[in-house]
Each structure stands twice: as structure tokens, then as C-alpha cells.
Amino acid sequence: MNTEAIRNLSFLVIEDDPFQREVLATLLGTIGAQHIMQAENGREALEKWAAAETPVDIVICDLNMPEMDGMAVLRRLSQMNSKVSIILVSSHGRAILESVQTMADAYRLHVLGIMPKPCSRSQLLALVAKREISAATDVAHDDDAIPRQEIVTALNQAEFVPYFQPKVDMSSGEVVGMEALARWRSPNRGVVAPGDFIAAIEDYGLMDTLTWIILNKSAMICRAWREQDLALTVSVNLSQTSLSRLGLAERIHAVVANQGILPSDIVLEITESAAMTDIGSSLENLSRLRLRGFGLSIDDFGTGYSSAQQLTRIPFSELKIDRSFVQHSDQESTRVILESTLSVAHSLGIKVTAEGVETLENWEMLRELGCDIAQGYLIAKPMPEEAVKDWLASWTLPTHLTVRPTQKVVDILLVEKENPALVRNAENHGESIENLGIGRVARVQGLKEALRRLAETYYDLVITDIDLGEDSGLDLIRLIRTQQTLLSPATRLILLFDHDEWNVLMQSIVLDINGFLRKPVNLRTLKNIIQQALAEDFSPQPPQYYLESESRLLQPPAAATPSRASSEPISHRLLVKGQLIALPDLRHGMVLAEPIYSLDKRMMILAAGHTLTFSIINRLWDIRDYLACTDVRVFP
């Protein structure tokens, strides 16, 4: 906030000690304040408040005063529905100040922050500057209820649209996603923020309708971004009413499939309270969505109940820290809670996004604590879809913001026959992968050189071409999965293939491949497949499982027998008809009642009796256009 802006503000200092009162007035003068009233207790302050010719903008209030203390002043301001900004001061320590700040929040007062005595100019200036930020985010609410018919008409005429707020990776400064936030483009009211219409929509029972409108439009826009090579996930809020409806997962999947985007392109946000409503149906829907590859985010974490229990009950991929914690991060108790939340989330493999990041102090504190992603006005306000591309083109991390170093570097082994272009127009695709910022890349040629390297070095990910000259990339993958190398059998594996190698590709599914890359590959696809492979839920089977599974594919279908990795009752259940299930509804642990064949039915991809894993299900989905049928008969 500049000096001119401060000069136009009106201040009221409430402090019983004359010396401290004069110190505060002097400090205000040094930052540019000209309109300063002083009062020695709460009663005098309220009298001056009522007699003031111009409204008071900021109150600086001590807590311990005679006649009427600071807590009583706050209560009276709340009863007056005052919109004034408040700074709390006291010599009684941060714990009491933080407690009173929480009380003021409960009274719905606008507290800029707290200042333990002795006060300093820098503290004061930082808190006063927060008023300008908050003023920009505050929504003016209309007390008049919006008529139901007006909202119904607006829904029918597509006046509700998603605006998008960027999410930035705190370790790189890269924009990794957008949150879709509903806005009403009313021909009569202008652009209306959610605070002015959400309550009415909920009261009229129209929240479900709005949810599907925003989801459909967001998926359509996400597809357009993908076509423009913009690798952005889109986060969409799910309403409480939608979450408990049977068939929710199927309907959401249909929306995404119709737009030709991946489930992993969409993150579905739910609140803690929504997840606790109709727990059975909610858990069924959320588990099914996660299995299909959608991201799941718990929104406003810390404002509901049983927060820690929610993280173990539901397979979340993201946790969003509520803005109230971020904006009070200067409080020691809040910082401790934030640190604990981040530690718990990271130990569960959940990424953490902080909402309401509005100041440099917010960013630096979250960065130091190890927060993954930031979202807020410090980065950008929500914007219409048509403004996103230009904003992205102009986005650079401001020089006053620093990033958090990436904690883990992924080691990648790239195995090729020669030097074909993996990435269009790139001479050295190993460097191209490295430039994505995912990890270190080592390049080798052929199976023998790959095995020598694996005997010396550990790798998190192996990317191998199918064609290695005299050998096949499947030979390398088979050796890794059957524990005939020093590499962990749980290492993530990606296959590179040409357009004429689909048959070999389909043979690989039985080996739990974590991703396919068809050559040549653009950078966005390359990065997405690598990230998905590293994040895929995968546990390797015993070596004998892979050997037997491959041998069954070479037998006539009638001779196929259950894998030893399957339980004994399966051999009896093979006589049972089984259940026909669509490909998107397959689950980990299901057993095939019938083989899965290629489109021309000349190749058996998986034999009857095979137990499905997450990676197999995901790869079947990847090659769905080349399967004889996308309905699979299984034993659940």
C-alpha cells in the first residue's frame, strides 16, 4: 500500500496508556497517516466513532483497558455490523492475542492481524497494507434474496460459467492447474461472485444443476487447453447433494470421456462436511472415482470435523488448507497446526495446496514448511477462460518470491536401439526429458548395456523401446519383473513403441507395464505419462506369477488355468458364468472369467483366471480401441 492510499484512511487508536497511545499515533504518522483519532478506553472510542464526520477505516485496539476493555469493544462493533478493519495490540503475549483474534473472527469482524508490544513501524505497515488486499477480495452482499425464477432462467440460458484461478508449484514456480470457480454473468447484475448467489441456489435446491454445468464446461475447456498443449489439471467442486447420489462416478466419467480427456486431468474437490453426509454412498462414489484415475481433493481442510480420520478413510490425492489458516499463519499456534498437517499429508503421499495466499509472508512461510502448491490473489484473481492463455504467456514467478527446492530427484534409465526422435524436433530426447524437471536421465543402447547399468545403479523409472535390435524391450521388462536384475521389481516401467508394434505392446500388459509412449511424443504427453507412471498405485507380483501368466497366453484358450497367485477357490469359480463389467468399472483384485482378446481376435492379451492389478486395468484402458470388447467378464 502506498503513502497516498494510507493518507486517505481514517484511524482510531484505543489505548489506555498515554505513552503507548502516543507511540502508536507517531508510528502511524511515519507511514503516512493523517487522520488519526485517539481514545483511552472503549467507551470513549465508541463515542468518538459515533461523532466522526468520516467513517473509521482501521481501529488499533489494546485489550486490557479500564471501563470497557478490548473484547467488549469488539463485541459492540460486531453488534453494529461494522465493516471496519481491526489491529489488536497487547503486552500480554501472543497466546492471548491469538485467542482474541479467534473470538473476533467468530464475531465476523475483519481482523488484519495482531501486534505484541512493543509495536514497530514495519509490523504496523505490513498489517495496514493487508487492508488493501482484503478490500479487493471482499464481496459486497445484497441482502435482497434473488428470485428463484431469475436463477432458473440464468441456469437455462448458460449464464453461469467457470472462472479459473491458477495453482502454482512452490518448488518450481510452474502453473500446474486451475480451479474452476462459478461466476454468474447476469445481463442485469453484471458478473456476480458466488457469495451473492450460492446461498440462494442451495435454498432453491439447484446446487446439483449448477455443479453439472460447471463440470461440463470445465471439461470442455480442459480439452481445448490440451489441444493447445497446455498441461493443466482442472479442479471442480462437487456439491454435497451430488456426492451422495448413486451413479455419480459413472456420470462424471461419461462427461470426461465425451470430451476426450483423461480422468487424471480433472481433480474433484469436496468439503469435509460433504464427505460426512451419507457416508456409505459418498465413500462408494469417491473410491470409484479414485480408481478410475480422477484426483480427489479435500477442500477447506481443518474447518470441518474428524479431519485426520478423513485422510485415512478416503483416498485423497490432494489436501487444501483453508484460507483462514493461511491468513493467520503469523500466529505461532496456527503455524504449528500447518506444520503438523503438512507432515501428516506428506507421510500419506498426499499433496498439499494452500488457498488464500495473498502476501509475500504467506508464500515464504508456506515454502519454508514444505507446502507443494499455492493458490491466491498473490498469484492471480479468478479469470474468465478467454483470459487464461494470455495470462499464462505472461506469467513468471515474481522476483521477490522464492521457490522450494525439489526434495526428490527421480533417476530415469532410457534404453534405446539407436537415436530416433522421441520428442518432435529434439536432437537429444534424454535432455528433453531432463528439461521437464522430472529427474536425471541416463541413456543406454541395447539390452546388454542396460543390464550392465542396472548392475551398477538404482533407477526409479525405466523407459525402454520395444525394438532393441537383436533383443526386445519386453526381455528387459521381464527380467526386472521376475527379479533377475538387481533393480527392484517395483520399479516403474514405460514402453516406447511405433505405430506398427501394437501386437507386441498388447503382449506386455501381463507384465504390469506402468505406461505406454507412442513415438514420436510431444512434451506434454511425455511429461503426463511419466508423472502418471510414478504416481500409479502398484505393487509387484511374485516372479512365478509373471512367468506363468505369459505361458498361459501361449496355450490354447481351453488350456488356460488360474495363476498360482490366485486363491484356490478361483479354479472352481471358473465354472461359474461370472459378471459382465464395463472396462471403467474394473477393480483391483477381480479375476477374469473369460480371456481378453485383441480387436481382430487373433491375440489373447490376458487369459481366464488372471487377477487384475491397477496397472493392468489402466493399460487396458489405454488400448481400449484395440480390444475385441470393452465389457469384461470377471469374478468380483
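Along the charge dipole of the chain, Cβ charges K/R +1 and D/E -1, which of 533, 297, 218 sits furthest on the positive end?
533
Can you give the local net charge around residue 87? Use residues other than it whose beta-carbon is closer than 10 angstrom to its beta-carbon, Lys and Arg +1, Asp and Glu -1.
Result for the neighbourhood of residue 87: +2.
Taking every alpha carbon pair in the chain, what does the distance histogram look like in 20 angstrom bins from 0, in percent?
16, 43, 28, 11, 2
Quick one: of the DSSP bridges fully inside the chain, what percent are antiparallel, nearest 5?
If I count the DSSP bridges inside the chain, around 30 percent turn out antiparallel.
Would you calculate, for the chain, the mean residue ellipticity at 222 nm contributed by helices, counting each DSSP H stretch of 4 or more residues as -39,500 (n - 2.57) and dividing by all residues, to the nearest 500?
That calculation yields -11500 deg cm²/dmol at 222 nm.
Note down the magnitude of the dipole of the range 309-379 about its Cα centre, charges +1 on Lys and Arg C-beta and -1 on Asp and Glu C-beta and zero elsewhere, to the nearest 20 debye.
Dipole magnitude for the range 309-379 comes out near 340 debye.
With a cut-off of 8 Å between alpha carbons and a minimum separation of six or more residues, what is the relative contact order of the range 3-137 in percent?
21
If packing is taken as the average count of other Cβ atoms within 10 Å, what order do 448-457, 158-167 fall into, highest mean first?
158-167, 448-457
Shape verdict for the range 473-536, please, from the Cα gyration tensor: rounded (a/c under 1.5), prolate (a/b greater than b/c) or oblate.
Oblate, since a/c reaches 1.5 and b/c is not below a/b.
Which of the lysines could a cross-linker bridge to residue 448, judged by Cα under 16 Å and excluding same-chain residues fewer than eight apart?
Partners within reach: 417.
Which percent, nearest 5, of DSSP beta bridges in the range 449-538 are antiparallel?
Within the range 449-538, antiparallel bridges account for around 20 percent of the total.
Would you mind getting me the FRET efficiency between residue 346 and residue 254? Use the beta-carbon distance for r and R0 = 25 Å, nearest 0.05.
0.15
Please report the net charge: other residues with Cβ closer than 10 Å to the Cβ of residue 126, K and R +1, D and E -1.
0
Quick one: if you stick a label point 7 Å off each Cα along the C-beta vector at residue 67 and residue 397, how many nm between them?
Label at residue 67, label at residue 397, 5.4 nm between them.
Suppose every Lys and Arg Cβ carries +1 and every Asp and Glu Cβ carries -1, with no other charges. What dipole size does the chain come out with about its Cα centre, to the nearest 20 debye?
The dipole magnitude comes to about 1480 debye.
Which helices of the chain meet both criteria: a Cα extent of 27 Å or more along the helical axis and a mean Kyte-Doolittle score no lower than -1.0, with helices taken as whole DSSP H segments?
Result, helices passing both filters: 207-227.
What shape does the range 410-535 have by the C-alpha gyration tensor, where a ≥ b ≥ c are the square roots of the eigenvalues, rounded means a/c under 1.5, and otherwise prolate means a/b greater than b/c and oblate the rest?
It is rounded, given that a/c, with a ≥ b ≥ c, falls under 1.5.
Taking 0.36 nm per residue of sequence separation and subtracting the Cα-Cα distance, how much length would be gained by fully extending the chain between residue 19 and residue 47, in nm to one decimal?
Extending this stretch completely gives an extra 7.9 nm.
Checking the table 167/527; 167/320; 527/601; 351/527; 83/320 against a 21 Å threshold on Cα-Cα, which pairs fail?
527/601; 83/320
Can you compute the charge dipole magnitude of the range 410-535 about its Cα centre, using +1 on each Lys and Arg Cβ and -1 on each Asp and Glu Cβ, nothing else charged? Give it in debye, rounded to the nearest 20.
360
Give, in nm to one decimal, the length gained when the segment between residue 229 and residue 208 is fully stretched (0.36 nm per residue of separation minus the Cα-Cα distance).
Length difference between fully extended and current span is 4.4 nm.
Quick check: pseudo-label points 7 Å beyond the Cα along Cα→Cβ at residue 199 and residue 409, how many nm apart are they?
Reported label-point gap for residue 199 and residue 409 is 5.4 nm.
Tell me which GluC sites (Glu not before Pro) from the range 1-59 have a DSSP coil assignment and no more than 10 other beta carbons within 10 Å of their own.
53
If the cut-off is 14 Å between C-alpha atoms, which aspartates and glutamates fall inside it for residue 389, apart from same-chain ones fewer than 8 positions away?
Those aspartates and glutamates meeting the cut-off are 227, 229.
Put +1 on the Cβ of each Lys and Arg and -1 on the Cβ of each Asp and Glu in the range 103-239; which of 154, 235, 123 then has its Cα farthest toward the positive end of the dipole?
Checked the options; the winner is 123.
Using 7 Å Cα-to-Cβ label points, what is the residue 448/residue 188 separation (nm, one decimal)?
8.2
Hey, can you grab everything whose amide H is under 5 Å from the amide H of residue 354? Only 5+ residues off in sequence or another chain; H modelled, so Pro and N-termini drop out.
321, 373, 374, 375
Specify whether the C-alpha gyration tensor of the range 3-137 places it in the rounded, prolate or oblate class, a ≥ b ≥ c being the square roots of the eigenvalues: rounded for a/c under 1.5, otherwise prolate if a/b is larger than b/c and oblate if not.
Judged from the Cα gyration tensor, the range 3-137 comes out rounded (a/c under 1.5).
How much length would be gained if the chain were fully extended between residue 390 and residue 284, taking 0.36 nm per residue of separation minus their Cα-Cα distance, in nm to one decimal?
Separation in residues times 0.36 nm, less the Cα-Cα distance, equals 34.2 nm.
How large is Rg/Rh for the range 148-394, to two decimals, with Cα atoms and a Kirkwood Rh?
Using Cα coordinates only, the ratio equals 0.95.
Can you give the net charge of the other residues whose Cβ lies under 14 Å from the Cβ of residue 230, counting K and R as +1 and D and E as -1?
-1
Just so you know, all these numbers are worked out from the coordinates, no wet-lab data involved. Since we're looking at a predicted model, the values are computed, not measured. Here Cβ is always computed from backbone atoms with ideal geometry, including for glycine, and neighbour counts include all displayed protein chains.
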